[in-house]
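One structure below.
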């Protein structure tokens, strides 16, 4: 998954094992039941995403997504970093600052899509692995390996709404290292009105593909 608002970190085997254990513990096997009708088409969402970078490093963030656009706000102390993804391009800047922002091209994989489009892609081309329960709610489990081994994902989507709950992505870098990122979603609302202004880049801020120079 894109979510490139935070850098990937190469996890140690021990951390991978511990994190995987947390995910397995959170997702208890489902018990079957009546076949539910297809959920309504997911057009937008808002809520909270928690990035799990390692066992002891997590970042909560607010998230909005509509169409092929996505916005993530990460607040640490008195500073909020805003990342707006418009298709395959990610723009990152500090809220209320006129400092130069960062522009990043996301390539052509799953991560080059906004979250709503990613969900559509996973449902269309991912391999459904059954239904599991998380905190009493039913989720379809998908494995997405269209771009394997360069990019793979395991995704849990609500049977009722298609909203994500857990999203585990692995990315293989050019030097064949593998990076892991996990996202845990909560308090998501589906098909809520989101103004286009949420995805508008701020006036007065320029964006560069090069990181800003450090101040002396």
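The values are calculated or read from the model by the stated rules, or taken from the named source; none is laboratory data. Everything numeric here is computed off the predicted structure, so don't read it as measured data. Cβ coordinates were reconstructed from backbone atoms using ideal geometry, including for glycine residues, and neighbour counts include every protein chain displayed.
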Next on the checklist: Among the residues of segment 75-92, what is the count of those that are under 19 Å from residue 197 (Cβ atoms) and within 17 Å of the chain's Cα centre (by Cα)?
Outcome noted: 11
Item to check | Members of segment 119-134 that are over 15 Å from residue 161 (Cα atoms) and in contact with a helix residue (DSSP H, G or I) (Cβ under 8 Å, 6 or more places away or on another chain) | outcome: 121
Next on the checklist: I'm trying to understand the selection: among the residues of segment 161-179, which are in contact with a strand residue (DSSP E or B) (Cβ under 7 Å, 6 or more places away or on another chain), modelled with pLDDT under 95 and part of a loop (DSSP other than H, G, I, E, B)?
Outcome noted: 173
Item to check | Every residue from segment 182-204 that is surrounded by 12 or more Cβ atoms within 10 Å (Cβ to Cβ) and in a helix (DSSP H, G or I) | outcome: 198, 199
